[in-house]
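The values are calculated or read from the model by the stated rules, or taken from the named source; none is laboratory data. Since we're looking at a predicted model, the values are computed, not measured. Glycine gets a Cβ as well: all are built from the backbone with ideal geometry, and neighbour counts include every protein chain shown.
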Amino acid sequence: MQIQELIKKHDVRMEAEPIPSNPNMNDMMAGSGHYLCTITGANGKVQIPYSVGPGIIENWILLSKFSHHKAATREREAGDKSMAAKQKYDTAMEWGRNKYRPEIEDVLNCLASDAASVRNARHFEEWASELGYDEDSRKAEDIYRICEKQAADLEDAIGHQCFEALLWDCERL
């Protein structure tokens, strides 16, 4: 099943608003975009922070209809390192982070991948080993716990049947 089919079948919706940072990820590359995604399903809502790297924002600007922001991005790609070009680029990227919104398919795909990783593991150590984390890392254990909580919260919001279909029956993007 395609993820778009699941979204339509189960009437899953999402709104996303920019936030200054992602409380679950303090090591994102400078220029990343951070969003608070409110996912609404059959049983309620869940709010989950979601981040994208600056490349996603830059590509979105290049595909947009806003020529002055495209020009600033292209000048940087062409190697213009002047202060004026940097300021125009920084302004374009800030504008992009505020205007861009993640797609529901991308957010659900990411959440499904995280949820499946914790559901497939019998315990933290197995999860860490499977994903290449240090089994003694507190940071890795924090990530594991965040994934567990987000999975449970998403399942509560969209319902068990929809959640299971998302994890096990949908093609990954």
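Take the conditions farther than 26 Å from GLN4 by Cβ and surrounded by 14 or more Cβ atoms within 10 Å (Cβ to Cβ) and apply them to PRO102. Does it pass?
no
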- Selected residue [part of a helix (DSSP H, G or I), among the β-branched types (Val, Ile, Thr), farther than 20 Å from LEU36 by Cα and at pLDDT 95 or above] from VAL107, VAL118: VAL118
- Item | Looking only at the range 41-67, and only at residues there that are of a type in the set (Val, Ile, Thr) and part of a helix (DSSP H, G or I), the one that is surrounded by the fewest Cβ atoms within 10 Å (Cβ to Cβ) | ILE56
- Note on the structure: Picking from ALA128, ALA151, the residue that is surrounded by 13 or more Cβ atoms within 10 Å (Cβ to Cβ) and under 24 Å from ARG13 (Cβ atoms) would be ALA151
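Answer yes or no as to whether LYS70 is exposed (fewer than 12 other Cβ atoms within 10 Å of the Cβ) and either outside any strand (DSSP E or B) or touching a residue at least 12 places away in the same chain (Cβ under 8 Å) (or both). Don't jump to the end; show me each part of the working.
Working: exposed (fewer than 12 other Cβ atoms within 10 Å of the Cβ): no; either outside any strand (DSSP E or B) or touching a residue at least 12 places away in the same chain (Cβ under 8 Å) (or both): yes.
Considered against the rule, which asks whether it is exposed (fewer than 12 other Cβ atoms within 10 Å of the Cβ) and either outside any strand (DSSP E or B) or touching a residue at least 12 places away in the same chain (Cβ under 8 Å) (or both), LYS70 comes out as no.
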- Residues of the range 74-92 classified as closer than 16 Å to GLY33 by Cα and either surrounded by 14 or more Cβ atoms within 10 Å (Cβ to Cβ) or modelled with pLDDT under 90 (or both), total: 2
